[in-house]
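A.B. asks: Quick one: structure below, then a few questions.
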Amino acid sequence: MISLTSPVRTRAHDLPAALKLGALLVATVVLASVSNLWFHGAVFLAVLGLYILPGRLFFSVGIRRLFILWPFVAGVLIWHFAIDAMAEGAVITLRMVSAVALANLVTMTTRLSDMMEVVHKLTSPFARLGLNLRALEICLALVIRMIPVLGQKGQLLSQSWRARSTRKPRWRIVLPLAVCALDDADRVAEALRARGGLMDVQKE
Amino acid sequence: MEKTVANVALFAALIAVLGIVPNITLGFGVPITAQSLGIMLCGTILGARRGAMAVLVFLLLVALGLPLLSGGRGGLGVFVGPTSGFLFGWVAAAFVTGLIVQKWRQAPLTLVASVASIIGGIGVLYAFGIVGMSVVLGKSLSEATLLVVAFIPGDIAKAIIAGLLTASLARARPASLLSRQGV
């Protein structure tokens, strides 16, 4: 599956995922609590610098992912121009763009397996409270495995709809797709049970 | 246990598929996808607890970096952006929708599931979404409400579709409607 990780390997890939996530958490809290325009301007330039550092390809891919924010940036700036509070508008947009850019940066430089490792560590204390960690991990893996399977069934359903009708299928194939999901769930549950189930493994 | 895990996983996958298969976009002029329809169906079909778990698993995978949101979005950025409130609201939306379908059994299922989807999938969801938007964009709650009000008619249509789909599933295969299986 296509992931959102960076097309080029950067030095940030070698940093521990937990460290990056912790730093992101601190950065987001700081960004939210400071309202100084110069501070936010400096942070934005620093973030931009982080995007430029790994090279041109990384920069263009990273910046393209921030473009989805433009309607909000435009909306806030126009609004604050209209009420004559440009400085406040600039703080809000810079804060928003920097926060999203930093979060995307962590996503781009952290492999899925490293992220999973952090989830495993963070959830393991809950195992004592009765959370079935193995069930959670199997569940996550199952979703990743079943998305292409279910996606293909969706394609087939819309193809067969188009063979029967000139109109687009739209929501009419959602129900058969949901039925496919329920049927697959039955079969997967059976297969899990046939392989020893999830409860017994936990007890061992 | 295995059944719950499998249902949660498959419905999390269903939400993803409804967001990425381009043929399932609903056409109302506005580019809206069926992904929020998937959230409503998680509640109406799986029930409160399992529905919310499916949404939670889906969001966890989005946070881990998979581009599963409509338009191929994903990663940690979407959880701090202006629409992040809606993502957090999805969990509560599926839970409330499912809870209403589980508890309210006196009326026809089409009506129950539609009303449940409107209360959970619009009322609860927009409450979270509007608060999130007002925080990130530094706007008052009423200003943030104005920004999202244009999306409500499309979502009402989706809620009614969710009601119709749930009722036809119950007619065709009553055993599949886990929200009404006495759990």
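A.B. asks: Counting helices only, and only those DSSP H runs with n ≥ 4, report the 222 nm mean residue ellipticity of chain A as the sum of -39,500 (n - 2.57) divided by its residues, in deg cm²/dmol to the nearest 500.
C.D. replies: -25500 deg cm²/dmol
A.B. asks: Now, a different point. Within the range B:36-56, whose backbone N sits under 17 Å from a point 7 Å along Cα→Cβ of A:Ser165?
C.D. replies: What the label zone holds, given the 17 Å backbone N cut-off, is no residue at all.
A.B. asks: How high is the FRET efficiency between A:Leu45 and A:Leu129 when r is their beta carbon distance and R₀ equals 56 Å, given to the nearest 0.05?
C.D. replies: In this case the efficiency is close to 0.80.
A.B. asks: What is the average number of partner chain Cβ atoms found within 10 Å of a Cβ in A:93-102?
C.D. replies: 4
A.B. asks: Next question, about the same structure. Over all directions, how big on average is the projection of the convex hull of the alpha-carbon atoms in the protein assembly as shown, in square nanometres?
C.D. replies: Spelled out: convex hull of the Cα atoms, projected over all directions, averaged, 20.9 nm².
A.B. asks: Can you give me the orientation-averaged projected area of the convex hull built on the Cα atoms of the range A:11-111, in nm²?
C.D. replies: 6.5
A.B. asks: Among B:Met40, A:Ser160, B:Leu169, flag the residue with its Cα farthest along the positive direction of the charge dipole of the protein assembly as shown, charges on Cβ as +1 for Lys/Arg and -1 for Asp/Glu.
C.D. replies: A:Ser160
A.B. asks: Taking every pair of alpha-carbon atoms in the range A:65-169, what share in percent sits in each 10 Å bin, from 0 to the bin with the longest distance?
C.D. replies: Binned Cα distances yield the sequence 12, 20, 19, 24, 21, 5.
A.B. asks: Would you mind listing how long chain B runs along its three principal axes, going by Cα atoms, in whole Å with the largest first?
C.D. replies: 46, 32, 29
A.B. asks: May I pose another question? With helices defined as uninterrupted DSSP H runs, which ones in chain A have an alpha carbon span along their own long axis of at least 20 Å and mean Kyte-Doolittle hydropathy of at least -1.0?
C.D. replies: Qualifying helices, which must be both long enough and hydrophobic enough, are A:17-33, A:37-52, A:86-108, A:112-127, A:133-164, A:174-194.
A.B. asks: Regarding the range A:132-203, what are the three Cα extents along the principal axes, ordered largest first, in Å?
C.D. replies: 55, 18, 14
A.B. asks: Name the residue, out of A:Leu77, A:Leu15, A:Leu129, whose mean-square fluctuation peaks in a Gaussian network model built on chain A with Cα pairs under 10 Å.
C.D. replies: A:Leu129
A.B. asks: I'd like the mean, over residues of A:147-157, of how many other protein chain beta carbons sit within 10 Å of each residue's own Cβ.
C.D. replies: Mean shielding by partner chains, rounded to a whole number: 5.
A.B. asks: Follow-up question, since we're still on this one. Please list, in order, the residues from the range A:79-122 whose amide nitrogen is less than 19 Å from a point placed 7 Å along the Cα→Cβ vector of A:Ala141.
C.D. replies: Counting backbone N atoms under 19 Å from the label point, the list is A:111-122.
A.B. asks: What number, rounded to the nearest 500 deg cm²/dmol, is the helix-based mean residue ellipticity at 222 nm of chain B, given -39500 (n - 2.57) per DSSP H run of at least four residues and division by all its residues?
C.D. replies: -20500 deg cm²/dmol
A.B. asks: What spacing in nm lies between the two simple spin-label points modelled at A:Gln155 and A:Ala194, each 7 Å away from Cα in the Cβ direction?
C.D. replies: Result for the modelled spin labels: 2.6 nm.
A.B. asks: Which one, B:Val148, B:Val131, B:Val96, has the greatest fluctuation when you compute a Gaussian network model over chain B with C-alpha springs under 10 angstrom?
C.D. replies: Fluctuation is largest for B:Val148.
A.B. asks: Along the charge dipole of the protein assembly as shown, pointing to its positive end and built from +1/-1 on Cβ of Lys, Arg, Asp and Glu, which listed residue (B:Gly132, A:Pro176, A:Pro54) has its Cα farthest out?
C.D. replies: After comparing all options, I get A:Pro176.
A.B. asks: Can I ask one more? To the nearest 0.05, what FRET efficiency results for B:Leu111 and B:Phe88 with a Förster distance of 22 Å applied to their C-beta separation?
C.D. replies: The formula returns an efficiency of 0.20 here.
A.B. asks: Please average, across the residues of B:150-162, the number of beta carbons from any other chain that are within 10 Å of each residue's own beta carbon, and give a whole number.
C.D. replies: Taking the mean over all residues of the peptide, I get 1.
A.B. asks: When every alpha-carbon pair in chain A is counted, what percent end up more than 21 Å apart?
C.D. replies: That tail contains 69 percent of the Cα-Cα pairs.
A.B. asks: List the trypsin sites (Lys or Arg not before Pro) within the range B:24-128 that DSSP assigns to loop and that have no more than 10 neighbouring Cβ atoms inside 10 Å.
C.D. replies: Counting only loop positions with at most 10 other Cβ atoms within 10 Å, the trypsin sites (Lys or Arg not before Pro) in the range B:24-128 are B:Arg105.
A.B. asks: Report the per residue volume, in Å³, of the convex hull enclosing the C-alpha atoms of the range B:86-132.
C.D. replies: 47
We did not get these values from a lab; they are worked out from the coordinates using the rules stated. Source: prediction; values computed, not measured. Positions of Cβ are generated from backbone atoms using ideal geometry, with glycine treated the same way; all protein chains shown enter the neighbour counts.
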